[in-house]
Every structure is written in C-alpha cells, then in structure tokens.
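Following: one structure in structure tokens, then a few remarks.
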Amino acid sequence: MTRGFESFIDRAPWPERVALRALLAVERRPRGARLLARAPLLSQALGATLALGRYDEPRLAACLGWDAAKVVARGRALRRAEGRP
Amino acid sequence: MTRPLETDFCVVGAGGGGAVVAAELAEAGANVVLLEQGPGHDPDGFTARPPEMLAKLYRDSGQTTTIGSPPILLPLGRGVGGTTLVNSGTCFRTPAPVLARWADEYGLELDDRAMSVCFERVERSLSVSEVTPELAGANAAVARRGAERLGWSHGYLRRNARGCVGSGVCVFGCPTSAKQHTGITYVPRAVGAGAALITNADVRELLVERGRVRGVLARLAGGERLEVRAGETILACGTIHTPLLLARSRLAGASGQLGRNLSLHPATAAFALMPDEVNMARGVPQSFYVDEFAHEGVMFETVAGPPAYAAMALPLQGREHARAMARYPRLAQMGLMVSDSSRGSVHALGRRPVIRYSLDGADLDRVRRGLAHLGQLFRAAGASEVYLPLPPGVAPGAARARDLRLMAFHPLGTARADARASHGVADGDLAVHDVRGLHLADGSVVPSALGVNPQLTIMALATRLAFHLLDRAVPSEQQGAGIGHALAPLST
C-alpha cells in the first residue's frame, strides 16, 4: 500500500477508519474472503477502497496509460512559464 | 491567552461564498478578517494521485457519509478555496424556474434580471467559458455520440478554467492552476485589497451581546485563542457546518428550521466498454451534459479520472473488476445526478456532524430511470458492455434503495432563506432572522435543489450580499466597473 493510501485511511472519520482497518485485517486472513462474501455491502466497500490503493501504484497505473508524475510535471512547468499561482 | 482583533467585517470560511464576500468588501475599502478552518494549499503539493489528494484536500478523506437508506458518500473540500478547490468546475446559472419558485414559496425577490448582474460579475472573475470539444476529450465524445443518435438534448459545459490542458484531475487538485477556484481568484483579491486571511482558525462560537453578533471566538493551530470583534459577521462554513456553528452558539433556532431541509444531488455513475480507446483521464472530466430529462429531475454529466479513481468507482468485483480495469483505456464513464425531493437534516454529535438523509420514493424512481437511460446512452454510442452500479441481476427498474451505490454533491438548505421568520433561518438579504449583525453566505441559505451545480448560485448570492452590506448596487459589467478595481472608499 502506498503512503497516500495510508493517509487516506488515517484521515477518515473514526467509525469508517476503524471499520476499514478491521475489514482489511479480516481480508488478509486465510478464510477472510469467504467471510466477507457473506456481507456483500461490506465486501463491496472494502473492494472499492482496496482498488483505490492498488491502482494508485505508479507501475500498475503506467501499464494503463496513466503517469501521474508526468501530469504533475507538465502542470508545474505551465504554471511557472505562465506565472500562474 | 486570547489574541484580539477588531474589524468591520469578519467572514468565516474561505470557500465559494466567504471568499467572494471578503474580496468584494475588501476591494470597496472595508476592513475584513477572513477566517478559514483548513489550511492553504500549495499547488506544488498536488500529486495527481487520488488517495493522497483525498486525504489532503477533503474533509475526512472525502469519506463523510450520510446516515439513512442508502448511506451516501458526501465529499466536501477543506481549506482555502473550500469545495471550489476540489469540484469539477462546472458553472450553471440558477435556472429561471427555480428563481420563480423561490419567489413564490419563500418570498425571495431574486428574479433573473436582479441576479444576472451578479452572475456576470462572478463569471468574469472566474473566466467562465464553454469547454471545447478538443479539450473535452474522448469520454465526452462517447456521450455526445450517444446523445446525438438518440436525439437527446446535450451540450458542452461551461467551466471556470483558464489555460486548461485537460490534466483530468480537477477533483484531486489542478496541477496547472487552470481551474479558477476561489483560493486563487477571490482570496488573493481579498488579501491584495488588505483583508487579513487567517488559516487553521477553528471558529468555536459567535460572540453575542444584547441581541447582536459582535464577532467570533476561534482557536488557532497552536492552541492560541483568537477573538475577532466585528461590526458584521458573515458565516460561510458550508451547508453542513454553518448550522452546527449557529446551534453551538444557540442562535437561529426560533423557526425550528435550522439544520433541517437538507437537499442534496444524489449521484451515481455508469461505465461502458467502448470499441476504441477513450483514455478517460485525458481531457476535462466534467465537460459534457445531457439534459434531456432535466425536467424530470435527472441530469447527466460526464465524469472521469485516473485508474485509481476509476477502480474505486467501477461497480464490479473480483475477476470481473480486474478484467474491466485491464481494459481501462477503453472505459468510458457518465454520471447522473438527481434534483431531489428528499430532505435530510444535520446536527452535531460532539463536534462532528451527523447527517441524516434517506432517499424518498420519487428520488429512487429518478435514479432508476436515470440508470436505464444511461444504459441506453452508452449502447447508442456503441458500447460493447455497460456496467451499471447495481448488484448482479438487478435491473434498474427493480432496484431498491439499498441496492444503490450513491454519492451526493451540492448540499443545500440547512439554514434556508425565507422572507418569513417563522419559516426560515435567514431573510431575503441573507440576514439571520433572530439576531442582528449576522449574515450567511453559503449553500445553507439556498432553499431548494437547483438541478444543476450550485457554485455559481452561491457566488452570485454572496456577491449580492456583499453589495447589500456596502449599501451599493452591484456594478454592471457593461458599465465598465470591472473586477478587482477599487470602488470609492467606504464612508463609514
């Protein structure tokens, strides 16, 4: 998990933060996936959160045509060149 | 120890409403203190990476959630610029029928002509213009193709952007500072005209003496207390937090409407697999609308983002999710939002907001019909697969509230304006009914859903309020009284 993903969870409201951490712990257990399958809503919420972290990995994102560093560098260059805030 | 400050006007909140009021007042020569609960954001810290930016730029990492059926995510911005920093930049004027309804139902004299001068002023300040098809990108082209084949009304959206290159991350902090949010427009104007901007200032309560608000008490980041004494106080903490501050100060409760009448735009989105590459994050994410069903309360706008964003929003799981994400370059996405008839409420538990909101039957039906139309739109555009945000095997028409994956945007109405003190929290001039010296300048005063993105409405109302406080007419842009030019100094 990226540092950004960790801070995403850390700054969530405490009920969501506690629930997400608990679900992540369950998901890592051998029978975790089977347990979660019994609670589709929770499983869905956890899946979406995990996907946010997984596809934020630069190498995976690059395979899909997205290079965040390049987008940011272009933005900064344009801001400096045009004297934007 | 308490640090004292004295000023003509104390504005609380540097988002869409507060920044506008502060700039207009300061440029007219008034002394202004602008307090912001969050930090200022340096665009050099914008990384275009969703999890990190959600944590940095949003309240609660963007995970503020309503309690009700179904639970709804309600993302809110935090810091200088407020939600204008993290919205998509879409600019609509308040629809004329909505203004007419406000006149009829709430006694608000905000006709199209009176408001248009405010809209013009805001639009010029924010460089509002229509997105070009080239900048809109391929995701918008998919939606356009579908709408044209179906004969549905559509168009490119107007946005507050200048020099946009379509970075695709408006909602995660624009790395080019192309989006003209209030943090880089009105706030610098306010500061340039002499306003004192204080960030990380958490306003705890309003100071009230003999039936008049005399300023605010705040706590600064280091724990220092700040007392701002002001002739007039303007609250612009947003629809969720303004009523909480009023309630904490035991103000504005006489009508019984404070914290009630919460209106949202419940929203969801569908994905589609297209035959050709879309690369949804290349271009302006929210650039194109379909308003064929706006009269029924259903509006479609394109949405898009980088893979991490798409992966979070894609309504699939397990292998199906991985399979669709492997084809991310060919995914298109379109959002739908509902002009709601449901109403919720907000109150505090400790210092946190508790937001209650359940979808009523009419809104559930709007979402169902909207999802069916989204499927139709994508198929008409040539999609080979359509992914609706519903559990497997559930058709749009059979969806129950608990089947829906909803987000919501544009909270409004929790301190609604109504000319009658018994029916609203503020009057038509946005002065709080119960107490003198206090005005409101955010979405909380907007008395009903708009059916369109509300930032221009909030900013136009804030412009109108600023000139009301100055006791001057809003200058017409055609008369050459331009933005950023100091008006004649205040005589008082």
Note down the magnitude of the dipole of the protein assembly as shown about its Cα centre, charges +1 on Lys and Arg C-beta and -1 on Asp and Glu C-beta and zero elsewhere, to the nearest 20 debye.
1920 debye
The distance between the Cα centres of the stretch B:399-466 and the stretch B:157-178, in whole Å, is 26 Å
Under 5 Å between amide hydrogens, which residues at least 5 positions from B:L262 or on another chain qualify, with H placed 1.01 Å from N in the peptide plane?
B:G344, B:S345
Could you work out how far apart the two model spin labels at A:Q44 and B:S422 are, taking each label as a point 7 Å from the Cα in the direction of the beta carbon, and quote it in nm?
4.4 nm
For the pair A:A33/B:E134, report the inter-label distance in nm, with labels modelled 7 Å from Cα in the Cβ direction.
4.8 nm
Nearest 10 degrees, 0 to 90: what angle lies between the long axis of helix B:18-27 and the longest principal axis of chain B (Cα atoms)?
50 degrees
In whole angstrom, the spacing between the Cα centers of the stretch A:43-85 and the stretch B:196-272 equals 34 Å
Give me B:M280, B:M274 sorted ascending by neighbouring Cβ count inside 10 Å, so fewest comes first.
B:M274, B:M280
Given charges of +1 on the Cβ of Lys and Arg and -1 on the Cβ of Asp and Glu, with all other atoms neutral, how large is the dipole of chain B about its Cα centre, in debye to the nearest 20?
1100 debye
Using only Cα atoms, tell me the angle between helix B:96-106 and the longest principal axis of chain B; keep it within 0 to 90° and round to the nearest 10.
50 degrees
Projected onto the charge dipole of the protein assembly as shown (+1 at Lys/Arg Cβ, -1 at Asp/Glu Cβ, origin at the Cα centre), which of B:C174, B:I198, B:S384 gives the Cα projection farthest towards the positive end?
B:S384
Rounded to the nearest 5, what % of DSSP beta bridges with both residues in chain B are antiparallel?
65 percent
Among beta bridges assigned by DSSP with both residues in the protein assembly as shown, the antiparallel ones amount in percent, to the nearest 5, to 65 percent
Pop the C-beta distance of B:R351 and B:H468 into the FRET formula with R0 = 22 Å and round what comes out to the nearest 0.05.
0.10
Give me, ordered by chain and number, the residues 5 or more places off B:V298 or on other chains with an amide H under 5 Å from its own placed amide H.
B:S339
Between the stretch B:77-92 and the stretch B:277-354, how many Å separate their Cα centres?
17 Å
In degrees between 0 and 90, to the nearest 10, how far off the longest principal axis of chain B does helix B:133-150 point, with axes built from Cα atoms?
60 degrees
What does the helix-only formula give at 222 nm for chain A: each DSSP H stretch with n ≥ 4 adding -39500 (n - 2.57), the total divided by the residues, and the result rounded to the nearest 500 deg cm²/dmol?
-23000 deg cm²/dmol
What ranking, highest mean first, results for peptides A:29-41, B:333-345, B:249-261, A:11-23 when packing means the other Cβ atoms within 10 Å averaged over each residue?
B:333-345, B:249-261, A:11-23, A:29-41
Inter-chain shielding metric for A:40-53, i.e. average beta-carbon neighbours from other chains within 10 angstrom, reads 5
When the helices in chain B are scored as -39500 (n - 2.57) per DSSP H run of 4 or longer and the sum is shared across all residues, what 222 nm value do you end up with, to the nearest 500 deg cm²/dmol?
-8000 deg cm²/dmol
Can you give me the distance in nm between label points at B:R212 and A:S7, each placed 7 Å from the Cα along the Cα-to-Cβ direction?
4.5 nm
Ignore the peptide's own chain and count Cβ atoms of other chains within 10 Å of each Cβ in B:140-147; give me the average, rounded.
0
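Any read-out appearing in this document is the output of simple, stated calculations on the displayed coordinates, not a laboratory observation. Note that this is a predicted model, so its numbers are computed, not measured. Cβ sites come from the backbone with ideal geometry, for glycine too, and all protein chains shown count toward neighbours.
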